[in-house]
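A short write-up of the structure that comes next.
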């Protein structure tokens, strides 16, 4: 968990850290409204989906008390690169909803963002 949290720089995110990471495209996303615990749950879901998720099958999480939820749907890398996977990431916070797609590659045992697709 700590590896992916450090990788995404989301475990203890402050607004300024978004601009410094290659995940600045998430700055206006529902995930920025998540509690630290929900961010960690979201990251764990991403890790699980990339590590062992079945292609095309969403891996979901939910915190009904905070009206937060999300899913990660893994699929093969569109370029066929070994050690890489595409993921559709959906997050919800109350009435906010976001959906994005990105390619992640495992480098030295850690998932790294390779390319944001949309």
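The values are calculated or read from the model by the stated rules, or taken from the named source; none is laboratory data. These numbers come from a predicted model, not from an experiment. Every residue, glycine among them, receives a Cβ derived from its backbone with ideal geometry; neighbour counts consider all protein chains shown.
Consider residue 111 carefully, then state whether it is touching a helix residue (DSSP H, G or I) at 6+ places or on another chain (Cβ under 6 Å), modelled with pLDDT under 95 and in a strand (DSSP E or B).
For residue 111, the condition - touching a helix residue (DSSP H, G or I) at 6+ places or on another chain (Cβ under 6 Å), modelled with pLDDT under 95 and in a strand (DSSP E or B) - is met.
If you take the residues of region 2-46 that are within 25 Å of residue 82 (Cα to Cα), touching a strand residue (DSSP E or B) at 6+ places or on another chain (Cβ under 7 Å) and part of a helix (DSSP H, G or I), which of them is modelled with the lowest pLDDT?
The residue in question is 7.
Kindly check whether there is at least one residue in region 90-100 that is under 11 Å from the mean Cα position of the chain (by Cα), buried (at least 20 other Cβ atoms within 10 Å of the Cβ) and within 19 Å of residue 30 (Cβ to Cβ).
Checking region 90-100: at least one residue is under 11 Å from the mean Cα position of the chain (by Cα), buried (at least 20 other Cβ atoms within 10 Å of the Cβ) and within 19 Å of residue 30 (Cβ to Cβ).
Per-residue answers, yes or no, for (1) assigned to a loop (DSSP other than H, G, I, E, B); (2) out of contact with any helix residue (DSSP H, G or I) (no Cβ under 9 Å at 6 or more places or on another chain); (3) farther than 17 Å from residue 52 by Cα:
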position	(1), (2), (3)
72	no, no, no
78	yes, yes, yes
85	no, no, no
92	no, no, yes
100	no, no, yes
105	no, yes, no
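Residue 77 passes all but one of (1) at pLDDT 95 or above; (2) surrounded by fewer than 20 Cβ atoms within 10 Å (Cβ to Cβ); which number fails?
Evaluating residue 77 over (1) at pLDDT 95 or above; (2) surrounded by fewer than 20 Cβ atoms within 10 Å (Cβ to Cβ) leaves (1) as the failure.
Just to be sure, is residue 106 within 15 Å of the chain's Cα centre (by Cα), exposed (fewer than 12 other Cβ atoms within 10 Å of the Cβ) and either in contact (Cβ under 8 Å) with a residue 12 or more places away in the chain or within 14 Å of residue 42 (Cα to Cα) (or both)?
Here the answer is no, as residue 106 does not meet what is asked.
Residues of region 29-48 being without any contact (Cβ under 8 Å) to a residue 40 or more places away in the chain and under 13 Å from residue 60 (Cα atoms), which ones?
38, 41, 45, 48, listed by residue number.
Within region 49-70, track down each residue that is without any contact (Cβ under 8 Å) to a residue 40 or more places away in the chain, in a helix (DSSP H, G or I) and in contact with a helix residue (DSSP H, G or I) (Cβ under 9 Å, 6 or more places away or on another chain).
Scanning region 49-70 gives a single hit, 66.
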